[in-house]
1. How much of the accessible area of segment 110-149, in percent, comes from carbon and sulfur atoms when a 1.4 Å probe is used?
2. Just the number, please: carbon plus sulfur as a percent of the accessible area of segment 211-260, 1.4 Å probe, no ligands or DNA/RNA counted.
3. What distance in nm separates the simple spin-label points at Glu65 and Asp253, each placed 7 Å from Cα in the Cβ direction?
4. Go through segment 4-80 and name the GluC sites (Glu not before Pro) that are in a DSSP coil and have 12 or fewer other Cβ atoms within 10 Å of their Cβ.
5. In µm²/s, what is D for the chain at 20 °C and 1.002 mPa s, where D = kT/(6 pi eta Rh) by Stokes-Einstein and Rh is the Kirkwood radius from Cα pairs?
6. Checking the table Lys16/Lys90; Lys55/Lys152; Lys90/Lys154; Lys218/Lys261 against a 31 Å threshold on Cα-Cα, which pairs fail?
7. Taking the Cβ-Cβ separation of Lys48 and Ser146 as r and a Förster radius of 41 Å, what is the calculated FRET efficiency to the nearest 0.05?
8. Tell me, what is a quarter of the convex hull surface for the C-alpha atoms of segment 1-57, in nm² with one decimal?
Amino acid sequence: MKNLFAIFGNPVSHSKSPLMHNLSFKGLGYDGCYARYRLENGEELRNKFLSLGLKGINITVPHKEYAYAACDVLDSFAQKVGVVNTIVKKDGKLYGYNTDAPGFLKAISEFSNIKSVLFLGAGGTAQSTAVILKDEGYDVTVLNRSKGRLEKFKESGFKTFTFETFKNESSYDLVINMTSAGLEDDSLPAPKEILKNVIPKSQACVDVIYGKETPFLKLAKSYDKPVKDGSDMLLYQGIIAFEYFTNKQYTFDEIKIEMQKAFI
Ligand code: NDP
């Protein structure tokens, strides 16, 4: 019988994950099938997972915190950040992992000599990626539109600013859009006056949004900065999730060859 997997979220119709994983199952000869499931109520995540007879799932917006709560066992990083995007069932227990953060870390590894990083945004994605970057020795500062979401970062020792308190003389090696600004609109993640100060002083700019050139990346390009969108992060989080799904029987590079066909 096939091993069944799915992505849970709301919405999920746009998700590339079914294509990424199904191409990899086929290419590697693994007996698996990956579907999408629109889950409205995150509190039902565990019961749905079990009643659908699944072996593993990925979780997307807005259920990553519910996914954390649904697990029996958490790996140490997921435990630390409180956000889970991959669950695998083993011996009747649900094991939770976060693959977004290591996926992001790998995606920015092509930029060398980066020490200081400015995050624009303080949502769930910023939360896990800020922690992994800090663990790796990067100096992360978080700038957010509103104050509320910055509290958690402050408690964890990050430097935090709102648009009103930000100091324009500051400079950062890498500036990263961690917001959804530009995803479905033409907005910038921070006021132009701030971006016009930090972008020229940076070495490169990154956006976690994928599949389009956001106003943020357009602005960065106008200053001749190297730019990168969120496609590699998506690919790498998928490869790491696939390793968990298949109990590490394929290497990262073997999976990458198949999974990247979803991006052609
Ligand atoms: P959340 O909803 O948790 O957080 C959204 C953040 O964006 C908040 O900090 C919010 O600020 C800010 N924000 C939203 N709109 C604007 C705006 N117009 N101007 C300024 N700030 C804004 O989102 P997630 O962290 O889950 O996702 C963030 C982004 O990451 C999304 O675009 C998502 O598509 C992308 N993503 C990409 C992945 C990949 O693999 N490439 C994986 C996961 C996510 P405030 O607190 O003031 O509301």
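1. 40
2. 46
3. If labels sit at Glu65 and Asp253, their model points lie 4.1 nm apart.
4. Answer by residue number: Glu40.
5. Diffusion coefficient, whole number: 112 µm²/s.
6. Pairs exceeding the cut-off: Lys55/Lys152; Lys90/Lys154.
7. According to the calculation, E is roughly 0.80.
8. Across all orientations, segment 1-57 yields a mean hull projection of 3.8 nm².
The values are calculated or read from the model by the stated rules, or taken from the named source; none is laboratory data. All figures in this text were calculated on a predicted structure; none of them were measured in a lab. Reconstructed Cβ throughout: ideal geometry from the backbone, glycine too, with neighbour counts over all protein chains shown. Surface areas here come from the heavy atoms of the whole protein model, side chains and all, with no ligands, DNA or RNA. Shrake-Rupley method; radii C 1.70, N 1.55, O 1.52, S 1.80 Å.
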